Structures are given as structure tokens and as C-alpha cells.
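In what follows, a structure is listed as C-alpha cells, so that the remarks can point back to it.
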């Protein structure tokens, strides 16, 4: 088999791989353990030392449950916006989307837009009202005028499912990244991530987590900006020249004509199944407004004005970052796909495909080596790891609040707790979540976890978003409608994903044909959740339901004005 045909088959095969990868956290596969990258380790140690110092400082400031969950509400809008960007720009974005652009061009831009377009909804529909109504998390908002016990229980379990799938994907991604770049054993790598995450959250709470996210966002944006600058510099800062050169290299690698290679500039696999594309778009768009670890950040600012400001800042940084990932993806086509230094010859001999060292998801890492040398590659590797650490810390904090604030304090203890006992339970919950994350990360080492972040968005979109929006905007919502609608969205989203090709066929390998032909459940589950919320609310004529409808006016006034939203719970 000649070299050209190897490359042709490889790039075609990698398109299918990366279309699922960009949907979620990068599945790095079973990465080969490499020689130790000392540059990466030194920069990684500097980052960890800096963040642990911040954690020590934050621990002295964290003395109450409000400090632990929301940093005492003392984060500025700009700082919070940068922290939200740090929380949202996960390894899925940095490695996954750039890998998809590297493999299939324009399709990667559609994913970038999908992750981006949810932010106007957060800005105009959610941020201000959420800050005015809540205390610590989204459960406070949805249970504001509804029966606390069933609504909080549903919101807590929904949040924990979202957090669990997000956590598994990040832990496996972190383990494989360290195994590949630092030369550490995978299990040790996962434990290191778990211990650091535990330290940030238990000792520093939201304050330490916020500053870890801010530092990581600055590092990631700086590194990605330099990579994009070097790529654009090589083509005279001309986008048309970058596209032309990318098409030319893509054609050479595929052994196809220039005209055929221009297909990367238009939608390909996504357009082949428009229902799946629409369903995925719905999940990415509305799921953002239901992610518990993102929504929790709006309680760290002092008022609704700062909450709005933080969304505007976050949207600006996130939009800029996704533009950079697009440039990085095309840069990888130009500098990585045809460079033998980054190709895994041993693997290619076995598979007959073009294989990058560490898998095609490492395109951005290899590009950093191509444009900045070994030292810059070490920096980008440390940044990719810092990205995972920051996201994991935010996820753990939102999971701990669901367990301690919702289930322990308000469901089991019915509000009869002291701040000290709730804070103690938060730290116990964090410990438990960290241990679970380490165990699951080790168990899922060889599994395809790319669908898990997509599942997290789908669950957030189908279970959290309908109940959150209706509780804030519709007077008729009752406890019965919220619980049944939310439960239908939650269960249907999870069941449809499990029965889809991504899980039923590719991961569980139960059969060759999926029971559910759709890969993303939002197009079915989200409308059904809204319908159930509406139907079971309008048919509820109980005395409790009448009280809940009457209480809406007071809730609406507070959501719009912020009167009474000083941080104390009014219900």
C-alpha cells in the first residue's frame, strides 16, 4: 500500500471519528505512554503551585456556606465573565472542535456556532432573573413558589446526572492527556486530577475555583491567540489565502483534485442528516441555559446588573475563542497533516490509516509544536490540562451544592440545619464526588466517552431548561406540572441516548443496529417536556396549585426588580 493511499484512507476515516468527538469532550482513546515532556511538567507544576497558593488564600476567606457556594457574592462582573468563559471553554472546545475542523473543515464551524448561540438566551432570558430569585443554585429558582421537596429533588438529581457525565468525560480526557504528554501511568494521572480538584473545592470553595478558572482562561486565550497569530502570519493574515492553502494541502493528503477538496468549505456529514443536526443544535443552544455549573456562577456577583455584565464579557471571550479554534483547525491541516514528525508510523502500518501521534484529537497540540517548538507545546499541554482542572472544579462544586444544599438541607432536614452543618456536608459531598470521579475515570479508560458531554447538554436542555424557563415566565406552572415535565425530559433524554448508535452500538456493543435512530434526543424530549409541564399544570386544580399561581406576581416583581434579593432566602 503506497503512502498516498494511506493518507487518503486515514483522513476520510478520521472525519467520522471527529464528528462525534467535537460534540463532546475529546476521546483520546487508549493513548500511548510517551517519553516524559519536561517542559510540560515544569509548566504544569508552576500552574499547580500557583493555584494551590490561591486555594490557601481562599481558604482563609471561606468561612460560611455563602462563601463556599458563591464566594460571598463578591466577584465583579468582569471577573465572573472571565471565570464563566474558563468554565465553559472545556477540552471539548479546544481539542475536539479544532480536531473536527482539521478533519472535515466547515462542519467544525457549525459546532462552534452551536456552543456559542446559547449565550444570548442566557443573557436575555436567564441571567438577571436567576440572580434576583436564587440564593446558591438553579434549584432555588425553580422551587421559589413551588413545593420545595419534590422540585428540589428533581432538580438535584437532574444536576447530578449532568455533572456525572461531564465529569467522566473530563477525567478520562485528563488521564489520557497526562499519559500521552507527561509519561505518567493513566491511573496515577486520574488520581492526581481527582486530588487537585478535591483540594481546590474543599479548602477554597467558589473563590478558589473562580480564580483557577480565571487563570486558566487567560492562559488558554493567550496560547490559542499565539497559535492563531502564527497560522495567520504564515498566510499574510489573509483568510482567503488560509482557506486556499488548506484546500490545496487537504487535496494532496487525500489524493483528490482541488475542486473536490473545496468540499471542506461546505457542510458535509451534518447536512446528510438534518434532523440529527437540528436536534444537536437545540441541545447545544438551550442546554447552555440549563447547565448547573454555569448557572451557579451568576450567584457569585452582587446584583443582576453585574450578572448581565458577566454574560456579556463571557460571550465576548467565548466568541473570540471559538473563532481561534476554527483558525487552529485549518492551521493543523496546513502544518500537521502532511508532516511525518507528527504521524504515528507504527499505528499506520497496522491500521492502514493516517494516524497522528496520540490520535487525531491531538491536532491542536501538534500544531503548537509546529508553530512554537517544544517549549510552546509544553505550555499548551499544561494549558489543556489546566482547562480540564478548572472545568472539573466547577462541576464538583455544583454537584456538592445539589447534594448538600438541595437534598441534605432542604429535602431531608427541611431547612432545619445550621450553616456549619451544611458546609460540613458540602465538603463530605465533594470528597465523595472526587472519589466517584476517580473510580469512573479509571473504569471508562478504554471507552468512547465523546458522547458524554453531548448527553450532559441534552439532559440540561430537556430536563432543566423547560422547568427553569416556565417557573420564571409562566404563571400557570404548578409543582405537579414541573415535576412530571422535568422527569419526562430527564428520563426520555437519558433513555434515547442509551438506545442511540453512540451508546447502544459503539460503546455497549449490544447489537449492530440502534433502537433509536437519532443521536441527539433534544428534538423529541425537549418539546415533550414543555408539553407535559403545560398539560399537567393546567389540569391541576388543587388548593396548592391555586396558591402557586397567586404567588407568581410577587415572584415576577422580585425577578424584575431584585427587591429582596440581597442573598437571604425569602421562601
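All of the numbers you see were taken from the coordinates with simple rules; none came from a lab. What you see is a predicted model; the values in this text were computed from it and never measured. As a convention, Cβ positions derive from the backbone with ideal geometry for all residues, glycine included, and neighbour counts pool all protein chains shown.
In the chain, the calculated helix contribution to ellipticity at 222 nm averages -22500 deg cm²/dmol per residue, counting -39,500 (n - 2.57) for every DSSP H run with n ≥ 4.
A simple spin-label model places pseudo-atoms 7 Å from Cα toward Cβ; at residue 188 and residue 549 they are separated by 6.5 nm. In terms of packing, defined here as the mean over residues of other Cβ atoms within 10 angstrom, the peptides 242-249, 340-347, 314-321 line up highest first as 314-321, 242-249, 340-347. Between 0 and 90 degrees, the angle of helix 38-61 with respect to the longest Cα principal axis of the chain falls at about 10 degrees.
Translational diffusion coefficient, Stokes-Einstein: compute it for the range 312-453 using the Kirkwood radius over C-alpha pairs as Rh, at 4 °C and 1.567 mPa s, and state it as an integer in µm² s⁻¹.
69 µm²/s
The angle separating the long axis of helix 363-401 from the principal Cα axis of greatest extent in the chain is about 20 degrees. Cβ crowding within 10 Å ranks 350, 312 as 350, 312, fewest other Cβ atoms first. For helix 205-234, what angle does its Cα long axis make with the longest principal axis of the chain, in degrees from 0 to 90 and rounded to 10? Between the helix axis and the principal axis of the chain, the angle is about 30 degrees. Taking 7 Å steps out from each Cα toward its Cβ at residue 46 and residue 252 produces label points 3.5 nm apart.
What order, most packed first, do the peptides 535-547, 494-506 have when packing is the mean number of other Cβ atoms within 10 Å of each residue? Before the final figure, lay out each step's value.
Values: 535-547: 13.9, 494-506: 19.8.
Result, highest mean first: 494-506, 535-547.
How much length is gained if the chain between residue 345 and residue 59 is pulled fully straight, taking 0.36 nm per residue apart and subtracting their Cα-Cα distance, in nm to one decimal?
On the way: separation 286, 0.36 × 286 = 102.96 nm, distance 4.92 nm.
Residue separation times 0.36 nm, minus the Cα-Cα distance, leaves 98.0 nm.
Summarising the label geometry, the points placed 7 Å from Cα in the beta-carbon direction at residue 303 and residue 414 lie 3.8 nm from one another. Put the Cα centre of the range 322-355 next to the Cα centre of the range 374-447 and the gap is 34 Å. Centre-to-centre separation between the Cα atoms of the range 67-116 and those of the range 460-513: 23 Å.
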